[in-house]
Every structure is written in C-alpha cells, then in structure tokens.
Amino acid sequence: QVIKCKAAVLWEANKPFSIEEVEVAPPKEHEVRIKIMATGICRSDDHVVTGALVMPFPIILGHEAAGVVESVGQGVTSVKPGDKVIPLFVPQCGECKSCLSTKGNLCSKTDLGTSAGLMPDGTTRFTCKGKAVHHFLGTSTFTEYTVVHESAVAKIDSAAPLEKVCLIGCGFSTGYGAALQTAKVEPGSTCAVFGLGGVGLSVVIGCKVAGASRIIAVDINSDKFAKAKELGATDCINPKDFNKPIHEVLMEMTGQGVDYSFEVIGRTDTMTAALACCQFNYGVSVIVGVPPAAQKITFDPMLLFTGRSWKGSVFGGWKSKDAVPTLVADYMKKKFVLDPLITHTLPWTKINEGFDLLRTGK
C-alpha cells in the first residue's frame, strides 16, 4: 500500500522547508518502511540548504532518527514490523571492501559522495504533487514514513526511548566514535575539541570515557562552555579572546601541543589550526565536520613531515549495523548521557524554527 503522510520537503536551496502531503511507496525487495518517531536536526542537513553539500532537489532531508518498522519488502530478514530501529546514513552491506576490512566503516553503498539522492536501485519512493522527490543519504527522516534499504537499518532495544536514542543515528555516534574509534584516545592524554555543537560535545564525552586527563574545548560562542564543562571539558577557550592564532594559544597551554585534536565545525581554517595545535611528532588530528564543497586547504607540509597524522572520520568510524545496537545498549546501561545534547524538543511542523535555533547557535 502507498502511504500518504506529511513530510518536510525542500524544493530548492536557501528556502524554508515546506510541510507537504507526500506519497511513500511500499518497500521493494530488501527494503524497509519505517514510521519515524523522532528525528534530530544536524548541521549536515543545513549544509544542503545552504549549498555547502550539493544534493539534487526537491529532497526530503534528515538522517538522524529512530522509529518503528511499518512493513518490510521481500527477502528482509534482519527486522520485522513492530521492531524499534535506527536508520543508518552509512549502511553496512557486509560485502564491499570497507565492510570486509577491519579498518573501514564507509560502506560503498552510501550515498555520501555520489549525491544521487536515490535508493540503491536508482529510483525514489517519494512523490509530492506528482513530482518525484529525492532521498537524502539513503535515510530521509523529515517525514512521518520513510523507506530505507535493509543494509541501512539497525534493530535496537525495544525499551529504548526513541526521542533520546535518535541521536545515536548521527551526532552522538559521530563525535563519540571520532574519539574512541578513529583517534583511539588513551588514558592520560590531552585533547582539543574545536566546535561545541552536539557532535563536538559528543567528542568531549568520548575523550572523557577514554580517560583523557585534559580536554580543551574551543568555540567562538562562550555560551557553550558551561555544558562542555558539565560533560568533561577541563578548559574552555574562545579564540576571540586572544590576539594571536588559536593554535599558538594551545601550544602555550600544553607545552608541546595536544595529543589529539578534533575539528567538529567543517571550516578549512579551523582544520589547519587543529592540525597545527597537535604535538609535532605524534599528534593526531581528526576532521569530523563535513568539509565545504569546492574549498581547498593550503598548509605547510612540514606540519606532517615531522610525524603528525591527519585523519577523517565518518559516523565515528563505527560499522553502523554492528555498532548502533551496542551503543543503544551502552546508553541503556548509563555508560554515557544523551540528555544534555538535547536543548529543544519541537513538534516537527516547527522544523524551520528548529533550523533557526541551529543557525543561531542555540
């Protein structure tokens, strides 16, 4: 059966979302149709609105959510109707090179980088006003119902509160994993985190869980500092308070630079600052924020020649289908908190107000 429901459709860049009635086709073979119960707003969605992340229009954005399986297509074995699930914007097909490698997690079935905005078979499940509407990262969660491929959904604990664990679908896992999986922060180490949005704060949580002895939080919005300290930051600094480059400030604070730095903004200038502030010989800097389209970085190669490592991390380096149920279980065991990452809860018809709050740093 085709389901008619409400969705937030983005018809073109730099325009508000419009709440429309859409038709959601039934799941095809190896596909799952999900009733979305809660979705988070992530800066990556806003990057599509502004054009920093290039995607085709019209499109239904959203990729950080939790819901309940409504129906499944032929051949689906990992979930059944009624299961609580989290959609995965990085799928895990289990067959490609990255999935088969112990070192990788960026499944080749992801739409990240191809920007096709379609299901793996090259078609869409959404129609609005007679027009085909594109999917976003194989998830599209700004809708009451969505369709995902079986490789892009994880079954989770039926007791999990969906309005909290939806964050494990992107923001929390991305930051937490950047510290634990990608950087592999060690006990007693020193870390710097650039950007204290939901993902940056999740990096702070990860560094603390890993046993870092010093966690320096960096943001140009000092309103973020109280929460960063609550979650484990030992120092908070605002680059606007200094008349010298921030990497020099960090070098002075730490003697030789930090062991691990994380850029969680998506700006090229902060990416190079994060690299420059880590220890010259064995410092590791991780790019977590989505880089802006069509921008290049110029930096002194001596920064790397002396031994620093520069890494990227998508979805915190986790193999999604394996890790998400485990992360939900860890949350249920109170291994980490999610509540402080949630600042506002809105009915989803107020999605445009939600994006305004994101853009003003609230």
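The values are calculated or read from the model by the stated rules, or taken from the named source; none is laboratory data. No experiment lies behind these values; they were computed from the predicted model shown. Because the Cβ atoms are built from the backbone with ideal geometry, glycine has one as well, and the counts that use them run over all protein chains shown.
Please state which of the following conditions Ala159 fails to meet, knowing it meets all the rest: (1) loosely packed, with under 15 Cβ neighbours inside 10 Å; (2) more than 24 Å from Phe336 (Cβ to Cβ).
Failed condition: (2).
Of all residues in region 78-111, count the ones that are assigned to a loop (DSSP other than H, G, I, E, B) and either in contact (Cβ under 8 Å) with a residue 24 or more places away in the chain or under 17 Å from Gln181 (Cα atoms) (or both).
Going through region 78-111 one residue at a time, the tally reaches 20.
Working only within region 121-172, note down all residues that are in contact (Cβ under 8 Å) with a residue 60 or more places away in the chain, among the aliphatic types (A, V, I, L, M) and part of a strand (DSSP E or B).
Val133, Val147, Val148, Val153, Ala154
Select, from Val90, Val68, Val76, the only residue that is buried (at least 23 other Cβ atoms within 10 Å of the Cβ), at pLDDT 95 or above and among the β-branched types (Val, Ile, Thr).
Details: Val68 fails: buried (at least 23 other Cβ atoms within 10 Å of the Cβ); Val76 fails: buried (at least 23 other Cβ atoms within 10 Å of the Cβ).
Val90 is the lone residue from the list that is buried (at least 23 other Cβ atoms within 10 Å of the Cβ), at pLDDT 95 or above and among the β-branched types (Val, Ile, Thr).
Identify, please: which residue in region 107-136 is aliphatic (A, V, I, L, M) and at pLDDT 95 or above and is, among those, surrounded by the most Cβ atoms within 10 Å (Cβ to Cβ)?
Filtering region 107-136 for residues that are aliphatic (A, V, I, L, M) and at pLDDT 95 or above, the one surrounded by the most Cβ atoms within 10 Å (Cβ to Cβ) comes out as Val133.
In region 16-24, is there at least one residue being over 17 Å from the mean Cα position of the chain (by Cα) and closer than 26 Å to Val324 by Cα?
yes
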